[in-house]
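Notes follow once the structure below has been shown.
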Amino acid sequence: MKIGVAGLGKMGSAVAERLMECGHDLVVWNRSPEKIAALTAKGAKAAKSPAALAGEVEAIVTILFDAEAIDGVYRVGDGILAADLSGKLLIDMSTVRPQTSEKLAKDVRARGGTFVECPVGGSTGPARQGKLLGMAGGEPVDVARAKPILDQLCRRFEHFGPVGAGARMKLAINLPLIVAYQALAEAFILCRPNGMDPVQLMEFFADSSGAPSVLKTRGPLIGKALAGGEAIPPAFDVDSIRKDLRTMIAEAKSLGAKLPLAEDTLCIYDEAAKEGWGQKDGANLPAYWPRKFAAG
Ligand code: NAP
């Protein structure tokens with residue numbers, strides 16, 4: 001297929017590379033042009049604008065930072081919505097509020113296009129390998145149309161309901177992960193006086209009842225960060241985590257609910273960002289809070 005990817009951030013670039021590897025012809029666009037060269041060097045074609053990209057392809061995938069980025073790529077100037085989208089399939093994978101997806105679906109449909117949301121779990125590695133966890137929302141016939149592409153990007157994707165349902169699921173699954181990073185930080189403070197190697201410690205934690213699943217994949221990296229090292233190059237970074245927490249809290253407010261764990265965690269991660277942690281990967285976060293207190 002001829003597929004467009006508009007937005008070549010960490011995830012967009014990985015998704016574009018994966019789609020090229022699957023044999024699709026790729027057309028790409030990004031607000032900051034310097035990220036385009038890595039993709040054109042691998043055979044993708046660069047479009048002049050999101051609207052020009054939309055004019056050239058059968059399907060478009062976007063995975064953008066937030067609602068403002070969606071406005072920037074879809075609605076501003078030569079945005080995707082300036083093009084005739086008749087017959088085209090648009091898949092948005094950004095982590096945003098359900099209402100953002102719903103509004104986008106309405107606007108895409110008004111331009112003749114088919115819209116499916118499919119935010120994802122898993123970071124740049126799984127994106128590059130086609131092993132994301134997808135949470136689709138859309139009309140059944142539209143999700144069926146998107147399935148061949150989603151199957152190439154995801155190890156598993158589930159259809160949760162109409163547009164908005166996928167966005168809701170994505171916010172929900174990220175909450176326990178993000179809070180778990182802070183829970184690990186606080187747990188580490190309790191057992192740090194034993195002096196055990198943090199990598200071994202995380203391996204033991206991974207075997208315990210309260211272990212978050214992230215310890216299976218990132219336990220050794222988190223242990224390394226707790227030992228004073230830097231876990232890994234940024235993929236799901238602290239600033240994205242703060243954006244997700246703000247999005248969850250706003251969504252809960254619209255449901256008449258409060259999320260005290262998410263709110264407290266956001267305060268702590270805002271503090272971390274002020275101290276220069278914003279661009280670090282989230283797997284480093286368990287090491288932030290313990291550094292504030294001398295080892296007992
Ligand atoms: P990223 O590296 O920061 O990339 C964000 C993309 O959005 C870039 O293409 C950026 O363009 C674009 N963008 C931001 N503001 C814009 C604006 N005002 N107008 C136009 N374009 C704008 O973020 P990412 O890590 O790839 O994440 C993308 C989405 O996937 C987010 O919703 C994130 O929550 C979600 N997600 C991320 C991960 C992960 O591990 N990273 C995992 C699952 C889901 P520029 O290059 O010009 O800044």
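Counting only helices (runs of 4 or more DSSP H) that sit completely within region 166-276, those holding 2 or more residues that are modelled with pLDDT of 95 or more and within 19 Å of Val96 (Cβ to Cβ) correspond to 238-254, 260-272. Reported count of residues in region 110-119, each being open to solvent by 10 Å² or more (accessible area, probe 1.4 Å) and either basic (Lys, Arg) or within 16 Å of the ligand (Cβ to nearest atom) (or both), is 1.
Counting the residues of region 132-176 that are farther than 19 Å from Lys106 by Cα and touching a Ser or Thr at 6+ places or on another chain (Cβ under 8 Å) gives 3. Looking at region 71-84, is at least one residue free of Cβ contacts under 8 Å to residues at least 12 places away in the same chain and assigned by TED's automatic domain parsing to the domain that holds Lys103? There is at least one residue in region 71-84 that is free of Cβ contacts under 8 Å to residues at least 12 places away in the same chain and assigned by TED's automatic domain parsing to the domain that holds Lys103. For Ile189, the criteria (1) buried (at least 21 other Cβ atoms within 10 Å of the Cβ); (2) away from the ligand (no atom under 16 Å from the Cβ); (3) in contact (Cβ under 8 Å) with a residue 40 or more places away in the chain; (4) outside the structural domain of Arg75 (by TED's automatic domain parsing) hold in every case but one, which is (1). Scan region 126-154 for residues that are more than 14 Å from Cys22 (Cβ to Cβ), open to solvent by 30 Å² or more (accessible area, probe 1.4 Å) and within 16 Å of the ligand (Cβ to nearest atom) and jot them down. Listed by number, the residues that qualify are Pro126, Leu133. What about Lys216, is it of a type outside the set (S, T, N, Q), free of Cβ contacts under 8 Å to residues at least 40 places away in the same chain, within 30 Å of Ser13 (Cβ to Cβ) and exposed (fewer than 13 other Cβ atoms within 10 Å of the Cβ)? The answer is yes for Lys216.
The values are calculated or read from the model by the stated rules, or taken from the named source; none is laboratory data. From a predicted model like this one, the values you see are computed outputs, not experimental measurements. Heads up, the Cβs are rebuilt from the backbone with ideal geometry, glycines too, and the neighbour counts pull from every protein chain shown. For the accessible areas, the whole protein counts, side chains as well, though only heavy atoms, and no ligand, DNA or RNA atoms are used. Shrake-Rupley method; radii C 1.70, N 1.55, O 1.52, S 1.80 Å.
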